[in-house]
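First the structure, in the form of structure tokens, and then the observations on it.
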Amino acid sequence: MTAFAWGSDSDIGAVRANNQDRCFTDGEMFAVADGMGGHNGGEIAAGLAVEALARREGVTTLDALVGLVHAANDTIIERGRSDPSLRGMGTTLCVLADVAASAATDPATGDDRVLGVANVGDSRLYVLDGEQLTQLTEDHSLVEALVRDGCISREEAARHPQRNIVTRALGIDDKVLVDAWELRVVSGDRYLLCSDGLFNELSSARIVQLLRTVDEPGAAATALVTAARDAGGHDNITAVVVDVFGDGSDPRDHRPGEAGEVVDDRVLVVRRAIPEIDDTHETRSSEATPDPGPPGPSPGVAGATEPATAPAARFTRRRLGLIVAAVLVVVVLVLTVASAYARSPYYVGGAGAEVVVFQGRPDGTLWIRPNVEEPVNLGLAELSPDDLELVRRGVRFDGLEQARAFGVELALRSRTG
Ligand code: MN
């Protein structure tokens, strides 16, 4: 078993009426859940997610970890169905756990224990190796799609009015898509799991500085949370800091001086869930020809799950060797099969002069016509220029509830100015 030292902290922040973040730590598994939904729904959804982790029986592999996330999703959906006041509640979930290496991990490396990671939503996992902080997970959020699409910068994303909108969450759909990784156990690595209330307030440089200067994990988590609250605290803030001992030696003996190329060697297996494999190709071709084209829904935002330009994907592609390349071939095959089962996603776009929720893909080039699922009761003329641009491109969601919620938010914004 891998040995860890860990600590966590969570704070309501300076603005919100309640704390809908939850975290979980038990020495083998570490998690952050960021709940959303009114009538205490967010707290309940996040609480159910971490309770599902606590109740687990023998999660020993990455597959089992992903299965556990699916089980948490089922529990939250069931609860939402049994209580109408909780309808639409959801939560992110980002989990790090000590698991056995899978067959996909190269036996030649001799790694029999690995760190399993599963992620849904926009909470994040980072690793600090020496001086280098690397984000391992990919955010499932609207702003991440906009950044990836070149519409806004990383800095704008942290202040964007829609930065809280996630495109994937637990509690929304029976078939939740879970991204997963196996990471090499390296003594001296320091992991950070956190909710968006942390990384939207603090620069990467500030996060690195605090992680490097505060030795004790719990104190480091508190220092991060306190700094984020002092920086504005616009959202609930949660941080879990996990130091890896690996062979049982003190990680601080290993920490400095191993920065650089070593970090990429952490990623042994990547399983990124993608709802529609076709979108990958569309977005790639649209990147090759950056002409925005005629008005109307474009495939740009539709590539919300496009992995090619995501930080984590760049990070894995840059220097991963043939072993992982072979794994990726398998991943693509698996995803191709999975895509056949993938439910059609939803998007909010324009039809005539109206804002409408569509089922299908905002695809202006193929004969696959999206169905109008329901009108939002909002005219395009009522939108601000920024929102109009979003809607014309088509804002995609994995679930109908999220698309509806976005429509409601658009309407509220247009009516409150
Ligand atoms: Mn949050």
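The values are calculated or read from the model by the stated rules, or taken from the named source; none is laboratory data. All values derive from a computational prediction rather than experimental measurement. Here Cβ is always computed from backbone atoms with ideal geometry, including for glycine, and neighbour counts include all displayed protein chains. Remember, those area values only see protein heavy atoms, side chains included, never the ligands or the DNA or RNA. Shrake-Rupley method; radii C 1.70, N 1.55, O 1.52, S 1.80 Å.
Below is a table of values for the structure above.
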| quantity | calculated |
| --- | --- |
| The range 391-417 residues that are free of Cβ contacts under 8 Å to residues at least 60 places away in the same chain, paired with ones that are of a type in the set (S, T, Y) (beta carbon under 6 Å, 6 or more apart) | L400/Y346; A403/Y346 |
| Scan of the range 53-70 for residues that are surrounded by fewer than 16 Cβ atoms within 10 Å (Cβ to Cβ) and hydrophobic (A, V, I, L, M, F, W, C), ordered by number | A54 |
| Strands (runs of 3 or more DSSP E) (entirely within the range 79-197) containing at least 1 residues that are touching a strand residue (DSSP E or B) at 6+ places or on another chain (Cβ under 8 Å) and β-branched (V, I, T) | 93-100, 113-120, 124-129, 132-135 |
| Residues satisfying the stated conditions in the range 129-165, i.e. within 14 Å of the ligand (Cβ to nearest atom) and of a type in the set (S, T, Y) | S141 |
| Those residues of the range 1-23 which are surrounded by fewer than 16 Cβ atoms within 10 Å (Cβ to Cβ) and among the hydrophobic types (A, V, I, L, M, F, W, C), in sequence order | M1, A14, V15, A17 |
| In the range 173-224, the residues that are more than 21 Å from the chain's Cα centre (by Cα) and open to solvent by less than 10 Å² (accessible area, probe 1.4 Å) | G188, D189, L211, P217, A220 |
| Pairs, first under 17 Å from R124 (Cβ atoms) and more than 11 Å from the ligand (Cβ to nearest atom) in the range 221-239, second modelled with pLDDT of 95 or more and among the polar types (S, T, N, Q), C-beta under 7 Å, six or more apart | A221/S8; V225/S10; A239/S8 |
| Sole residue being in contact with a helix residue (DSSP H, G or I) (Cβ under 7 Å, 6 or more places away or on another chain) and either among the basic types (K, R) or without any contact (Cβ under 8 Å) to a residue 24 or more places away in the chain (or both), chosen from I207, I165, I152, I172 | I152 |
| Scan of the range 366-391 for residues that are surrounded by fewer than 20 Cβ atoms within 10 Å (Cβ to Cβ) and modelled with pLDDT of 85 or more, ordered by number | G379, L380, A381, E382, S384, P385, D386, L388, E389 |
| Filter pass, R16 being in contact (Cβ under 8 Å) with a residue 12 or more places away in the chain, over 28 Å from A103 (Cα atoms), within 15 Å of the ligand (Cβ to nearest atom) and assigned to a loop (DSSP other than H, G, I, E, B) | yes |
| Whichever residue in the range 25-52 is in a strand (DSSP E or B) and open to solvent by 30 Å² or more (accessible area, probe 1.4 Å) and, among such residues, is nearest to the ligand (Cβ to nearest atom) | M36 |
